[in-house]
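Nothing in this text is a laboratory measurement; each read-out follows from the coordinates by a stated rule. Please read all numbers here as calculations on a predicted model, not as lab measurements. Please note: Cβ atoms are built from the backbone with ideal geometry, for glycine as well, and neighbour counts cover all protein chains shown.
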């Protein structure tokens, strides 16, 4: 018993020291020791308004694909606000959380002269409990597309002049690669 207590004391003495020594040795740790950085901004991004608001889920699996989709496929580079919220449209169609989200959207719409909203939802969304929560792929698809359409109706009801585009994305295996596919929902 005495050896166990002694060993515990030794470990507890070294644990804080090992945590202090466990700092990343990467030379590019930004903003350590009050360092400052600056990044170049495109001349097109300097203006204070933009045309489009893009709303996506926070899911890390889709972040880069969403940005590429908005920038390249939709041609919105330097011309959109981007709001990423857990569950994307799930919180918008939920009456309990809707007003909070609309208050955030209102800032973008009024301050940046938004005339178009692009809403992107995805399959296997944790905000809904993942794909398993639906019971089948068909039920998941029907729920997500119905919620996307309800989100569009809510936006148009609040902002009648907005154009609202809807997309459903999913991960698909192509050979050895996992790809993100976007489907426009009409």
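Structural remarks
- Neighbour-count ranking [beta-carbon atoms within 10 angstrom, fewest first] of 59, 72: 72, 59
- Footprinting exposure proxy ranking of 60, 167, fewest other C-beta atoms within 10 angstrom first, gives 60, 167.
- Shown for 124, 147: other C-beta atoms within 10 Å of each C-beta, ranked fewest to most, produce the order 124, 147.
- Relative contact order of region 38-186, pairs being alpha-carbon contacts under 8 Å that are 6 or more residues apart, as %: 23 percent
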